[in-house]
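First comes the structure, then the notes that go with it.
Laboratory data are not the source of any read-out in this text; all were calculated from the coordinates shown. Treat the numbers as computed from the prediction; the structure is a model and nothing was measured. Don't worry about glycine lacking a Cβ; one is built from the backbone with ideal geometry, like all the others, and counts go over all protein chains shown.
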Amino acid sequence: MHKIALLPGDGIGPEIVPQAVRVLEAVGKKFNLEFQFETALIGGAAYDATGHPLPEATLELCRRSDAILLGAVGGPKWDNLEPDLRPERGALLPLRKELGLYANLRPAAVNPALASASTLKEEIVSGLDIMIIRELTGGLYFGQKHREELPGGGQKAVETLEYSTGEIERVARLGFEMARKRNKRLMSVDKANVLESSRLWREVVQELAKEYPDVELNHMYVDNCAMQLVRNPKQFDVMVTENMFGDILTDLASQLTGSIGMLPSASIGGEVALYEPIHGSAPDIAGKNLANPIATILSAAMMLRVSFGLEEPAASIEGAVAKVLEQGYRTGDIMQPGQKQLGTVEMTEAILKALG
Ligand code: NAD
Ligand code: IPM
Ligand code: MN
């Protein structure tokens, strides 16, 4: 029995999470697995119902679950709340921090059927398979923040970018371990030509490399990395980087795969892991059955593999997704001229059918 906490959240979250649950239920039936789902409020939905975006009951459910599946949080309705009540800063970040989820695995792999759906030339992205590891509980997001009134008028806003040796080492170690299981190449991305935290990052990564002589380590500045991801993304195998650089580079990498609606993620490092698509609540398409559910469905597959060690069921979900893409099923974000557009629900139904 696997206990899964469901946190649909806001915007398209409540549309895509139930679709991933349908897929989990189908795979459960197929492989004789038992899942128990329990849903809790998070984000703007939680704020509206309880006055806080991360109610204690939600955190408590997460702590007693075996894994968590999250949709997305945030939206224009809550953008003007005081910062610590905003869904992003008041719920998502504290949830990651409280659960000790210091590493976020964001795999960007191009499905063969979608190589021509990328906005980049097909030969640039075809066969792409990279793993970006984003540090998730440090850096600018969690440093000290404050505002000051300036004597001459106006204000000053301050945030601090902080990383300790230990914080860097644990996520870098994961990068080396992951590279070892893949093509043995690790790219550490930093801004060591300017930032002190990046200088420490590079020192720690270099020191750790001594334990991994079989892994080829390279370093790249983040600005160059953004350019290289568009120029020649297949030069990368595993990438490890700090929190905000990873946030930005993974949205960029998602478009190489055709759409941000395709990229799943796993946040690990604590006792219970959290799975979520890398995209947000997409207010512009919410409530219209337009969202691509695949990033969330693939996040559920990552859950089966990473949290439960269920390789075959995970692969069967990924196989079903690959099959429907090959058959030409498309949501709007990955549609090309001449293809028929399916809704969130219809795309899921095609995947369920492909699962058998
Ligand atoms: P977004 O990722 O929500 O949307 C960016 C664009 O991608 C939009 O045009 C959207 O329609 C499209 N898109 C996203 N997911 C899609 C999907 N599954 N299928 C098809 N199209 C998809 O980013 P944003 O617009 O910058 O942010 C909207 C809100 O979401 C903000 O409040 C932001 O803070 C929040 N956000 C939350 C998370 C999270 O909960 N993990 C992540 C990112 C942004
Ligand atoms: C993501 C999002 C979040 C982040 C925001 C909503 C706090 O962009 O999960 O990528 O920056 O981590
Ligand atoms: Mn992001």
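So if we plug the beta-carbon distance of Leu195 and Val158 into 1/(1 + (r/R0)^6) with R0 = 25 Å, what FRET efficiency do we get, rounded to 0.05?
Values: r = 16 Å, r/R0 = 0.63.
Step by step, r from the Cβ atoms, then E = 0.95.
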Pairs of Cα atoms under 8 Å, at least six residues apart: use those to get the relative contact order of the chain, whole percent. 21
Computed over all unlike Cα pairs, the Kirkwood hydrodynamic radius of segment 6-61 in Å stands at 12.3
What is the distance in Å between the Cα centroid of segment 261-320 and that of segment 112-171? 20
3J(HN,Hα) from dihedral phi, segment 246-253, Karplus parametrisation 6.51/-1.76/1.60, rounded to Hz, x for glycine, proline: x, 4, 6, 5, 6, 5, 4, 5
Relative contact order of segment 105-259, please, whole-number percent, based on alpha carbon pairs below 8 angstrom and at least 6 residues apart. 35
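Quick one: putting +1 on the C-beta of Lys and Arg, -1 on the C-beta of Asp and Glu, what dipole do you get for the chain around its Cα centre, in Debye to the nearest 20?
Details: 36 positive and 47 negative charges, 149 e Å.
Here the chain has a charge dipole of around 720 debye.
Taking the Cα centre as origin and putting +1 on Lys and Arg beta-carbons and -1 on Asp and Glu beta-carbons, what dipole magnitude results for segment 82-173, to the nearest 20 debye? Don't jump to the answer; show the numbers that get you there.
Working: 12 positive and 14 negative charges, 20 e Å.
In total the dipole reaches around 100 debye.
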For the chain, calculated [θ]222 nm from helices alone, where every DSSP H run of n ≥ 4 adds -39500 (n - 2.57): -12000 deg cm²/dmol
Sequence order, segment 61-66: Karplus ³J(HN,Hα) from phi using 6.51 cos²θ - 1.76 cosθ + 1.60, θ = phi - 60°, Hz rounded, Gly and Pro as x, gives 4, 4, 5, 9, 9, 8
Rank Asp251, Asp214, Asp66 by mean-square fluctuation in a GNM of the chain with C-alpha springs under 10 angstrom and give only the top-ranked residue. Asp214
Among His52, Leu200, Leu186, pick out the residue whose Cα is farthest towards the positive end of the charge dipole of the chain, where Lys and Arg carry +1 and Asp and Glu carry -1 on C-beta, about the Cα centre. Leu186
Cross-link pairs beyond the 26 Å C-alpha cut-off, checked among Lys30/Lys340; Lys3/Lys340; Lys191/Lys234; Lys288/Lys353: Lys30/Lys340; Lys3/Lys340
Anyone know which of Ala72, Ala286, Ala109 comes out most mobile in the 10 Å Cα GNM of the chain? Ala286
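Let me check I've understood the local charge: for Val215, count other residues with C-beta under 13 angstrom from its C-beta, Lys and Arg +1, Asp and Glu -1. What total comes out? Mind dumping the intermediate values first?
Numbers: positive: Arg173, Arg180, Lys181, Arg182, Lys184, Arg185, Lys210; negative: Glu177, Glu211, Asp214, Glu216, Asp237.
Value of the local net charge: +2.
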Taking +1 at the Cβ of each Lys and Arg and -1 at the Cβ of each Asp and Glu, which of Gly139, Pro14, Leu128 sits farthest along the dipole of the chain towards its positive end, judged by Cα position relative to the Cα centre? Leu128
Where is the GNM fluctuation largest for the chain (alpha-carbon springs, 10 angstrom cutoff): Lys30, Lys323, Lys210? Lys210
Note down the relative contact order for segment 49-136 as a percent, whole number, built from C-alpha pairs under 8 angstrom at least six residues apart. 25
Could you name the aspartates and glutamates whose alpha carbon sits less than 17 Å from that of Lys323, not counting residues in the same chain fewer than 8 places away? Glu312, Glu346, Glu349
Sorted by Cβ neighbour density within 10 Å, fewest at the top, the residues Arg22, Arg185, Arg134, Arg147: Arg147, Arg185, Arg22, Arg134
Contour minus Cα-Cα span, Glu98 to Lys288, at 0.36 nm per residue, comes to 65.1 nm
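Order of Met187, Met244 from fewest to most other C-beta atoms within 10 Å? Please report the intermediate quantities before stating the final value.
Working: Met187 22, Met244 16.
Placing the least packed residue first, the sequence is Met244, Met187.
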Can you put Asp10, Asp333, Asp284 in order of Cβ neighbours within 10 angstrom, beginning with the fewest? Asp284, Asp333, Asp10
Through the Karplus equation 6.51 cos²θ - 1.76 cosθ + 1.60, θ set to phi - 60°, convert the phi angles of segment 334-345 into ³J(HN,Hα) values in whole Hz; use x for Gly and Pro. 10, 7, 10, x, x, 9, 8, 8, 9, x, 4, 5
